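The values are calculated or read from the model by the stated rules, or taken from the named source; none is laboratory data. A quick note: this is a predicted structure, and the numbers were derived from the prediction, not measured. Here Cβ is always computed from backbone atoms with ideal geometry, including for glycine, and neighbour counts include all displayed protein chains. Just the protein is used for accessible areas: all its heavy atoms, side chains included, with ligands, DNA and RNA removed. Shrake-Rupley method; radii C 1.70, N 1.55, O 1.52, S 1.80 Å.
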Amino acid sequence: MKRLSTVLMLFFAIACNNANHKENSKNDSVTLLSRGAYQQDVMGKKVDLFVLSNKNKMTVYITNYGGRIVSVNVPDKSGTFVDVVLGYDSLKHYFDRKENYFGALIGRYGNRIAKGKFELDGKQYQLAINNAPNALHGGPTGFHNQVWDAKQIDSQSLELSYVSRDMEEGYPGTLTVNVLYRLTDDNSIEISYKATTDKKTVLNLTNHSYFNLNGAGSGTINDHLLTINADKFTPVDSTLIPTGILADVAGTSFDFRKSKAIGDSVNSSSEQIKNGKGYDHNFVLNRKTASDMELAATVYTSVTGIKLDVFTQEPGIQFYGGNFLDSSLLGKKDLHYSYRTAFCLETQHFPNAPNQHSFASTELVPGKTYQTKTIYKFSVQ
Ligand code: BGC
């Protein structure tokens, strides 16, 4: 009996060791998704899975359910393809697993609005409180949970459109949104957003991809080197609403002006790190122009040699370090998406701008077109 239990313990130790090894090494296999696992009618509309591919054989899988990027397969330094975003193998898991907004298009308002309230022309609007005590990412039936109309233009571009009705999720105005995903031959994913409204409204669109440049599900991102082109960030209260101050990053855990490992100060005792439970903050991008395309952030890992450059026309970027991921999450290929094993770089206007009038306005009026673009460019170094 004693011998049996020793053998069992040994077996268990080896199994755990293997599992840990899997957690910390790179996950260098391309993801092949089944289109059938995504083809379903949802709310009377057809959901499907689309694939973009370029001359370098890079592939990007996108579903029109929530306009979500499901998989991004990029070559690493040895030419092996690595899937660098979190997501699910099948559409049903976006319904039956915890909502983390994997790869989704976020709207109408990316990030938080304090107490879910704002005022436009003297009229008060109340949104759903889905991240108590605030509203987050457009509410429970925000754009991440809508079926977009999809038109594959060619093998490298997909156009998604969605008409959000007046007062949907509490926001005024019928809003017509158009998003163009384009995979270019320099291994960039370009996301171009356009929107018009028939009544004054607020709008802050973004994409919520979670990246791990060693491969989704391959372990922590704390070793990834991050640079953010920002001298300032917007400190938050304990509910993650900006205080309104633009604080200097110099001398704080938020100084990523020179490349630094994400894990370097992620556990620092600073009040801001405590409020965010790690990094979950908006950075004020240094801009040469008001809204031209400029480099906002770079991430690099020596394990795969993959580098990600983020360019945007937006004034801010939310750096979120995956503090709410936990190992119960089973993603593609049944890999666990544990605590801090992915990061998001969500280009945006600042959180709570509708109530914080010192921040750039997020209002959109009839007759004007909202237009903005972000590029995620992959290379090896
Ligand atoms: C937010 C986080 C949130 C995450 C997933 C991020 O954009 O800043 O606080 O947990 O999205 O919902």
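Would you pick out the residues in the range 222-243 that are of a type in the set (D, E, K, R) and closer than 24 Å to Ala353 by Cβ? First the steps, then the outcome.
Quick first cut of the range 222-243, residues of a type in the set (D, E, K, R) only: 223, 231-232, 237.
Within the range 222-243, Asp231, Lys232, Asp237 meet the criteria.
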#### Entry: Per-region count, the range 106-160, residues within 21 Å of Ile191 (Cβ to Cβ) and not hydrophobic (A, V, I, L, M, F, W, C)
19
### Query
If you check every pair at least six apart or on different chains, which have Cβ atoms under 6 Å apart with a residue in the range 250-267 that is surrounded by 14 or more Cβ atoms within 10 Å (Cβ to Cβ) first and a residue that is of a type in the set (Phe, Trp, Tyr) second?
Phe254/Phe233
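Only residues that are small (Gly, Ala, Ser), open to solvent by less than 10 Å² (accessible area, probe 1.4 Å) and out of contact with any Leu (no Cβ under 9 Å at 6 or more places or on another chain): list them for the range 75-134, please. Walk me through it before giving the result.
Just the residues of the range 75-134 that are small (Gly, Ala, Ser), to begin with: 78-79, 87, 90, 103-104, 107, 110, 114, 116, 122, 128, 132.
Still in the list and also open to solvent by less than 10 Å² (accessible area, probe 1.4 Å): 87, 103-104, 107, 110, 116.
Hit for the range 75-134 is Ala104, nothing else.
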## Note on the structure
Selection from the range 56-74 of residues surrounded by 15 or more Cβ atoms within 10 Å (Cβ to Cβ) and among the charged types (D, E, K, R) yields Arg68
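Scan the range 355-366 and give yes if some residue there is within 14 Å of the ligand (Cβ to nearest atom), in contact with an Asp or Glu (Cβ under 8 Å, 6 or more places away or on another chain) and open to solvent by 10 Å² or more (accessible area, probe 1.4 Å), otherwise no. Full working, then the answer.
Our first condition is that a residue be within 14 Å of the ligand (Cβ to nearest atom); within the range 355-366, this holds for none.
No - not one qualifying residue is present in the range 355-366.
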#### Entry: Tally of residues being touching a Gly at 6+ places or on another chain (Cβ under 9 Å) and open to solvent by 50 Å² or more (accessible area, probe 1.4 Å) across the range 135-147
0
### Message
Pull out all pairs, ordered by first then second residue, where Cβ-Cβ is under 8 Å, the residues are six or more apart or on different chains, the first lies in the range 311-331 and is open to solvent by less than 50 Å² (accessible area, probe 1.4 Å) and among the β-branched types (Val, Ile, Thr), and the second is more than 12 Å from the ligand (Cβ to nearest atom) and part of a loop (DSSP other than H, G, I, E, B).
### Response
Thr312/Leu285; Thr312/Met293; Ile317/Ala230; Ile317/Leu285
### Message
Taking the condition of being touching a Gly at 6+ places or on another chain (Cβ under 6 Å) and closer than 13 Å to Asn212 by Cβ, how many residues in the range 342-361 meet it?
### Response
2
### Task
Scan the range 317-328 for residues that are within 12 Å of the ligand (Cβ to nearest atom) and more than 25 Å from Ile245 (Cα to Cα) and jot them down.
Phe324, Leu325, Asp326
### Message
I'm trying to understand the selection: among the residues of the range 268-286, which are open to solvent by less than 20 Å² (accessible area, probe 1.4 Å) and either under 14 Å from Tyr320 (Cβ atoms) or within 14 Å of the ligand (Cβ to nearest atom) (or both)?
### Response
Ile273, Gly276, Gly278, Tyr279, Asp280, His281, Asn282, Phe283
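Any chance you could count how many residues in the range 107-137 are part of a loop (DSSP other than H, G, I, E, B) and away from the ligand (no atom under 11 Å from the Cβ)?
Going through the range 107-137, the residues part of a loop (DSSP other than H, G, I, E, B) turn out to be 107-108, 110-111, 121-122, 127-130, 132-133, 137.
Of the ones still in play, those that are also away from the ligand (no atom under 11 Å from the Cβ) are 107-108, 121-122, 127-129, 132-133.
Residues meeting the conditions: 9.
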### Message
Take residues that are more than 16 Å from the ligand (Cβ to nearest atom) and either farther than 21 Å from Asn27 by Cβ or not acidic (Asp, Glu) (or both) and tell me which of the strands (runs of 3 or more DSSP E) falling wholly in the range 47-106 contain 2 or more.
### Response
49-53, 59-63, 68-75, 81-83
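Considering only the range 148-239, give the strands (runs of 3 or more DSSP E) lying wholly within it that have at least 1 residues that are open to solvent by 10 Å² or more (accessible area, probe 1.4 Å). If you could, list the steps in order and put the result at the bottom.
Numbers: elements: 149-154, 157-164, 175-183, 188-197, 206-208, 225-228, 232-234.
Fully inside the range 148-239 and qualifying: 149-154, 157-164, 175-183, 188-197, 225-228, 232-234.
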#### Entry: Residues that are modelled with pLDDT of 95 or more, of a type in the set (S, T, N, Q) and open to solvent by less than 60 Å² (accessible area, probe 1.4 Å), drawn from the range 23-55
Ser53, Asn54
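Is it the case that some residue within the range 46-69 is in contact with a Gly (Cβ under 7 Å, 6 or more places away or on another chain) and touching a residue at least 12 places away in the same chain (Cβ under 8 Å)? Break it down stepwise before answering.
At the first step, the residues of the range 46-69 found to be in contact with a Gly (Cβ under 7 Å, 6 or more places away or on another chain) are 68-69.
Pick out the ones that are also touching a residue at least 12 places away in the same chain (Cβ under 8 Å) and you get 68-69.
Scanning the range 46-69 turns up at least one residue that is in contact with a Gly (Cβ under 7 Å, 6 or more places away or on another chain) and touching a residue at least 12 places away in the same chain (Cβ under 8 Å).
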